[in-house]
1. Quick test of your reading of the structure: residue 89 fulfils all but one of (1) modelled with pLDDT under 95; (2) under 23 Å from residue 60 (Cα atoms). Name the failing condition by number.
2. Residue 133 is checked against (1) at negative phi; (2) modelled with pLDDT under 95; (3) surrounded by fewer than 18 Cβ atoms within 10 Å (Cβ to Cβ) and fails just one. What number does that condition carry?
3. For segment 39-57, check the following and say yes or no: at least one residue is under 18 Å from residue 166 (Cα atoms), hydroxyl-bearing (Ser, Thr, Tyr) and either modelled with pLDDT of 95 or more or part of a strand (DSSP E or B) (or both).
4. Within the set of pairs 6 or more residues apart or between chains, which connect a residue that is farther than 21 Å from residue 50 by Cβ inside segment 175-199 to a residue that is part of a helix (DSSP H, G or I) with Cβ atoms less than 7 Å apart?
5. Among 138, 156, which is farther than 24 Å from residue 201 by Cα, surrounded by fewer than 16 Cβ atoms within 10 Å (Cβ to Cβ) and in contact with a Phe, Trp or Tyr (Cβ under 9 Å, 6 or more places away or on another chain)?
6. Hey, can you tell me all the residues within segment 62-120 that are aromatic (Phe, Trp, Tyr) and closer than 16 Å to residue 174 by Cα?
7. When the residues of segment 43-71 are narrowed to those that are surrounded by fewer than 16 Cβ atoms within 10 Å (Cβ to Cβ) and β-branched (Val, Ile, Thr), which ends up farthest from residue 183 (Cα to Cα)?
8. What single numbered condition from (1) within 25 Å of residue 61 (Cα to Cα); (2) touching a residue at least 24 places away in the same chain (Cβ under 8 Å); (3) assigned to a strand (DSSP E or B); (4) not polar (S, T, N, Q) fails to hold for residue 140?
Amino acid sequence: MRTRSQKHHKPAKPGKHPAGTGSARRVPPPIVLPRPSPENLRVVIWPADVLTTPAREVATIDPWLQAVAEKMKALMQEHKGVGLAAPQVGIGLRMFVMSETGKAQEASVWINPTLNDSADELISEEGCLSLPEIRGDVARAKEITLRGMNLQGQWVEARLGDFPARIAQHESDHLAGILILDRFSSVQKIALRKKIRDLEKSGRSN
């Protein structure tokens, strides 16, 4: 994270603070995100706050992060999904896994991903592991260019179309704190009102 540039002051004499400061300046400690045990991770259900909070950039690819990615692949397959983002397991980091077939062994890992999309869009039905029983039509770009790091820290790029492009866009939304609910039309939200209300009550009671 970049910090704002600061003016340089002359060193204060011992026992005195720089003029006009009143007290010694303290640098706040960096924000340290929790690092839960990978084997204890579970799919988080809406309306958990982590699902609507933009994720932070991954600073270090270490054995813990690699273990988290492997657990995410397993959870994706277990829940019959085709993608899973780190916030969906309660970790606010920019990482997701995806597999068009839903098989863990075929899943790719994307760390700090960015994407460029085409102007052409396609509307299709989507669901979400963090929003069980909620499905609706979402407009997505037909083709995208996805770029990010893999678990070896190498930058990789892929041109995706159709279903894989939709998966990547869905998971990228999660990293920005955006859910399919946010992309549903007003008509769809009205039609799903009871299911959404019931899920919200259930999620808040857990």
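1. Status for residue 89: all satisfied but (1).
2. Among (1) at negative phi; (2) modelled with pLDDT under 95; (3) surrounded by fewer than 18 Cβ atoms within 10 Å (Cβ to Cβ), residue 133 violates only (1).
3. So far as segment 39-57 goes, no, none of its residues is under 18 Å from residue 166 (Cα atoms), hydroxyl-bearing (Ser, Thr, Tyr) and either modelled with pLDDT of 95 or more or part of a strand (DSSP E or B) (or both).
4. none
5. Values: 138 fails: surrounded by fewer than 16 Cβ atoms within 10 Å (Cβ to Cβ).
None of the other options fit; the residue is 156.
6. Across segment 62-120, the qualifying residues are 96, 110.
7. Here the residue is 60.
8. It fails just one condition, (1).
The values are calculated or read from the model by the stated rules, or taken from the named source; none is laboratory data. As the structure is a computational prediction, the values presented were derived from the model and not from experiment. All Cβ positions, glycine included, derive from the backbone under ideal geometry; neighbour counts span all protein chains shown.
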